[in-house]
1. Which condition breaks for residue 118 when tested against (1) touching a Cys at 6+ places or on another chain (Cβ under 6 Å); (2) free of Cβ contacts under 8 Å to residues at least 60 places away in the same chain?
2. When the range 62-86 is examined, which residues are found to be surrounded by 15 or more Cβ atoms within 10 Å (Cβ to Cβ) and in a loop (DSSP other than H, G, I, E, B)?
3. List every residue pair whose Cβ atoms lie under 7 Å apart, where the two residues are 6 or more positions apart in sequence or sit on different chains, the first residue falls within the range 151-168 and is within 30 Å of residue 204 (Cβ to Cβ), and the second residue, located anywhere, is assigned to a strand (DSSP E or B) and basic (Lys, Arg).
4. Mind listing just one residue for me: the one in the range 169-181 that is without any contact (Cβ under 8 Å) to a residue 40 or more places away in the chain and under 24 Å from residue 100 (Cα atoms) and, of those, surrounded by the fewest Cβ atoms within 10 Å (Cβ to Cβ)?
5. Evaluate the following for residue 117: is it modelled with pLDDT of 95 or more, more than 30 Å from residue 183 (Cβ to Cβ) and of a type in the set (Gly, Ala, Ser)?
6. Checking residue 103 against (1) in contact with a helix residue (DSSP H, G or I) (Cβ under 7 Å, 6 or more places away or on another chain); (2) within 17 Å of residue 194 (Cβ to Cβ); (3) assigned to a loop (DSSP other than H, G, I, E, B): exactly one of these is not met. Which one?
7. When the residues of the range 123-135 are narrowed to those that are surrounded by 21 or more Cβ atoms within 10 Å (Cβ to Cβ) and of a type outside the set (Gly, Ala, Ser), which ends up nearest to residue 36 (Cα to Cα)?
8. Regarding residue 138, is this residue modelled with pLDDT under 95, in contact with a strand residue (DSSP E or B) (Cβ under 8 Å, 6 or more places away or on another chain) and of a type in the set (Gly, Ala, Ser)?
Amino acid sequence: MATLTALKALLVFLVTITPVLFLVKSEDTNKVFSPCLDTTVQESDGFTFAIAFSSRTSFFFNSSHQLSPCDRRLALTGQNSQISVFRPKVDEISLLTINTSSFYPENYGGYMVAFAGRKYAARSLPAFVANNTYTVTSFTLVLEFKKGRLQNLYWKRDGCAKCSGNSNFVCLNNQDCAIRTALCKSNGGSVDCSLGIQLAFSGTDKHFSALNSWYEVENLRQYSLYGLYSNLKNSLTSQYSKIF
């Protein structure tokens, strides 16, 4: 039987070697790391975009025209807002998570907008996240490209079938399942209300190759990637606790 020291050494080796194997498999040719710069990408590149949290009205200029958070006319930095930056791999299904144990979206206006680019700026419509009454924790975001350049970001609604019959949830606008904010751990409750965003791609990359991950997500919409991830995390945590 392997000793505890040997097992720890093996795990350290695996954690160390995995990123190296990943880099050998595919090279990231996109050297743009700011969400407020333009770029074109190919399949397997990294792509940087961001999500801004603020009030719904703060994303509109003169209360009428929605602008990208990269546009200085919005002056989000002078308002009550927060920004999260991500760099997923192009055309891979990703699960983005935002831990709400120390971040309270209801305190920053309760809405979010996904965005990237400057001259070719693209942004999603504002999506409701939370207020003092309800919190939406599960989202699906699609990044649409044309010839490798981002054209649009849009939220795909899953409807309320998943929360039907659960008294802890309510259906908002017939499109989002929301939990009562008072039940979240950040408010003394027992529910982890961290945000889970299923991310997928559509359109074509700069070599005109089709980006198909959105169609894969569409076929898996009866499942929750966040739920699968949570189950896997709990399983691994349990197994590692037995080893150590």
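1. Failed condition: (2).
2. Matches in the range 62-86: 67, 68, 69, 70, 71, 81.
3. 153/123
4. Ranking the candidates gives 173 first.
5. For residue 117, the condition - modelled with pLDDT of 95 or more, more than 30 Å from residue 183 (Cβ to Cβ) and of a type in the set (Gly, Ala, Ser) - is met.
6. Tallying (1) in contact with a helix residue (DSSP H, G or I) (Cβ under 7 Å, 6 or more places away or on another chain); (2) within 17 Å of residue 194 (Cβ to Cβ); (3) assigned to a loop (DSSP other than H, G, I, E, B), residue 103 fails exactly one: (1).
7. It comes out as 123.
8. Against the criterion (modelled with pLDDT under 95, in contact with a strand residue (DSSP E or B) (Cβ under 8 Å, 6 or more places away or on another chain) and of a type in the set (Gly, Ala, Ser)), residue 138 qualifies.
The values are calculated or read from the model by the stated rules, or taken from the named source; none is laboratory data. Computed from a predicted model, the values in this text were never measured in an experiment. No Cβ is skipped: glycine too gets one built from the backbone with ideal geometry, and neighbour counts run over all protein chains shown.
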